[in-house]
Amino acid sequence: MRVIQTTLNGDPNVGLYGMATDRFAIISDAKANRDEISETLGVPVIVTRLARTDLTGIFIAGNSNAILLPDIIEPKELATITEGIKKISKDIAVKVIGTNNTALGNLIIANDKAAVISTLLEEHKDEISEALKVPVIVSDLMDLSIVGSICISTNKGFLMNMHAEKEDFELVEKNIKVDGDIGTVNFGGPFVRTGLIANSKGYIVGNQTTGPEVARIDEALGFVDV
């Protein structure tokens, strides 16, 4: 297991600024230690802003088969991502989704087995499924449409908002097809995706995350047996 407790763009909410799969990672912080992040996650790292902001993590989602991008992405940003992905593998799709709900990272939970998408993206279910090459389930969680903020999943586990109801937790567990747990980040932050960038090889978490929170993340993401 590899883990870094740090900030990106000076902020412990690292998930706002990047995401990772088992084949690539994307962050917006050009000053971050790219080699350390790459070593921690075990994948190449692409650095880019998105929609002229540093909030790359809230706009993108994906798995090992594809990266999903909103159509507000700038041409130069799209070129950076496309070129970076091609260097990693030509069989990773770069899919631009035409939607007014552009914060895809906040609206999608995905791994290489399945995806849960917000009801706000229901009309895009088929194209998301085709790009990610996994079954897609449409559902809100905790009566909220921002399912990607409430839960983060890898191919080994998932961490979900500590206030999630049993029904919400079981829906994710059943459909994402990995075990998980509830927890927090950055000293009690309930929107766990904002404080984490993770894949099945390691994770980056905000530097305000406590020891007990890290222990819970380790268990939820399948890095330690309980």
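The values are calculated or read from the model by the stated rules, or taken from the named source; none is laboratory data. Keep in mind the model is a prediction, meaning the values are calculated, not measured. Note that each Cβ is placed from the backbone with ideal geometry, even for glycine, and that neighbours are counted across all protein chains shown.
Please state which of the following conditions Asn63 fails to meet, knowing it meets all the rest: (1) of a type outside the set (Phe, Trp, Tyr); (2) under 17 Å from the mean Cα position of the chain (by Cα); (3) more than 22 Å from Tyr203 (Cα to Cα).
Every listed condition holds for Asn63 apart from (3).
Checking Arg216 against (1) in contact with an Asp or Glu (Cβ under 9 Å, 6 or more places away or on another chain); (2) surrounded by fewer than 18 Cβ atoms within 10 Å (Cβ to Cβ), which test does it fail?
(2)
Residue under question is Ala215, and the condition is that it be assigned to a loop (DSSP other than H, G, I, E, B), more than 15 Å from Val14 (Cβ to Cβ) and at pLDDT 95 or above; does it hold? It would help to see each step written out before you state the result.
Details: assigned to a loop (DSSP other than H, G, I, E, B): no; more than 15 Å from Val14 (Cβ to Cβ): yes; at pLDDT 95 or above: yes.
Spelling it out, it is not the case that Ala215 is assigned to a loop (DSSP other than H, G, I, E, B), more than 15 Å from Val14 (Cβ to Cβ) and at pLDDT 95 or above.
Which residue pairs have Cβ atoms closer than 7 Å, lie 6 or more positions apart in sequence or on different chains, and pair a first residue in the range 17-43 that is closer than 24 Å to Gly148 by Cα and crowded, with 16+ Cβ neighbours inside 10 Å with a second residue that is at pLDDT below 95 and not hydrophobic (A, V, I, L, M, F, W, C)?
From the range 17-43, the pairs are Thr40/Arg2.
Which of (1) in a strand (DSSP E or B); (2) at pLDDT below 95 does Asp225 not meet, given it meets every other one?
For Asp225, the failing item is (1).
Restricting attention to strands (runs of 3 or more DSSP E) lying wholly within the range 10-112, give those where 2 or more residues are touching a Ser or Thr at 6+ places or on another chain (Cβ under 9 Å) and within 30 Å of Leu171 (Cα to Cα). I'd like the intermediate steps shown before the answer.
On the way: elements: 18-20, 25-27, 45-47, 61-63, 66-70, 93-97, 108-110.
In the range 10-112, the matching strands (runs of 3 or more DSSP E) lie at 18-20, 25-27, 61-63, 66-70, 108-110.
Among what's in the range 69-115 and is surrounded by 18 or more Cβ atoms within 10 Å (Cβ to Cβ) and of a type in the set (Ser, Thr, Tyr), pick the residue that is farthest from Ser139 (Cα to Cα).
Applying the filter and picking the extreme gives Thr80.
For the range 173-188, which residues satisfy the criterion of being among the acidic types (Asp, Glu) and either in a strand (DSSP E or B) or under 16 Å from the mean Cα position of the chain (by Cα) (or both)?
Answer for the range 173-188, where residues must be among the acidic types (Asp, Glu) and either in a strand (DSSP E or B) or under 16 Å from the mean Cα position of the chain (by Cα) (or both): just Asp181.
Can you tell me which residue is farthest from Leu144 (Cα to Cα) among those in the range 167-204 that are among the hydrophobic types (A, V, I, L, M, F, W, C) and surrounded by 24 or more Cβ atoms within 10 Å (Cβ to Cβ)? Quick ask: steps written out before the conclusion?
First, pick out the residues of the range 167-204 that are among the hydrophobic types (A, V, I, L, M, F, W, C): 169, 171-172, 176, 178, 182, 185, 187, 191-192, 196-198, 204.
Next, from what is left, pick out any that are surrounded by 24 or more Cβ atoms within 10 Å (Cβ to Cβ): 172, 176, 185, 192, 196-198, 204.
Details: Val172: 14, Ile176: 18, Val185: 19, Val192: 14, Leu196: 20, Ile197: 21, Ala198: 23, Ile204: 25 Å.
The qualifying residue farthest from Leu144 (Cα to Cα) is Ile204.
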